[in-house]
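As structure tokens, the structure follows; a few thoughts come after it.
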Amino acid sequence: MPKAPPAVVVYPNPVDNMLTVESSMQNYQIQVWNIAGARVISETCTSGRTALDMSMLNPGLYILTILNDNGTLLTSEKISVQH
């Protein structure tokens, strides 16, 4: 039986400054991509909760991806940045 993907919670969305990512995993990577396909944030996480500073991003839509320590995509979601 395959393992269920780990639970990931991302909030608040829309975000102004700080985006929180909570996961049941201990080692994973967070990437944020703009709509042009450029990676604008990449962070390796070693705990279940991470805060990302989104204040330097221009307002708009972004894609947040979470990858496991093997580089396999676990989840992705749209994030709206509003200042």
Show the residue pairs meeting these rules: Cβ distance below 9 Å; 6+ apart or different chains; first residue within segment 21-49 and without any contact (Cβ under 8 Å) to a residue 24 or more places away in the chain; second residue part of a loop (DSSP other than H, G, I, E, B) and open to solvent by less than 40 Å² (accessible area, probe 1.4 Å). Gln26/Gly48; Val40/Leu57; Ile41/Met54; Ile41/Leu57
Please list, ordered by first then second residue, the pairs with beta carbon atoms under 6 Å, 6 or more apart or interchain, first in segment 56-83 and free of Cβ contacts under 8 Å to residues at least 60 places away in the same chain, second part of a loop (DSSP other than H, G, I, E, B) and not hydroxyl-bearing (Ser, Thr, Tyr). Pro59/Gln82; Pro59/His83; Leu61/Ile35; Asp69/Asn27
Whether any residue in segment 64-75 is in a strand (DSSP E or B), open to solvent by 60 Å² or more (accessible area, probe 1.4 Å) and at pLDDT 95 or above is what I want to check. no
Taking Ile35 as the residue in question, decide whether it is open to solvent by 80 Å² or more (accessible area, probe 1.4 Å) and on the phi < 0 side of the Ramachandran plot. yes
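Tally time: how many residues in segment 47-63 are outside any strand (DSSP E or B) and more than 16 Å from Val9 (Cα to Cα)?
6
The values are calculated or read from the model by the stated rules, or taken from the named source; none is laboratory data. Remember, predicted model here, so these are calculated numbers, not experimental data. Note: ideal-geometry Cβ built from the backbone for every residue, glycine included; neighbour counts use all protein chains shown. Accessible surface is based on the protein model in full, side chains and every heavy atom, while ligands, DNA and RNA are left aside. Shrake-Rupley method; radii C 1.70, N 1.55, O 1.52, S 1.80 Å.
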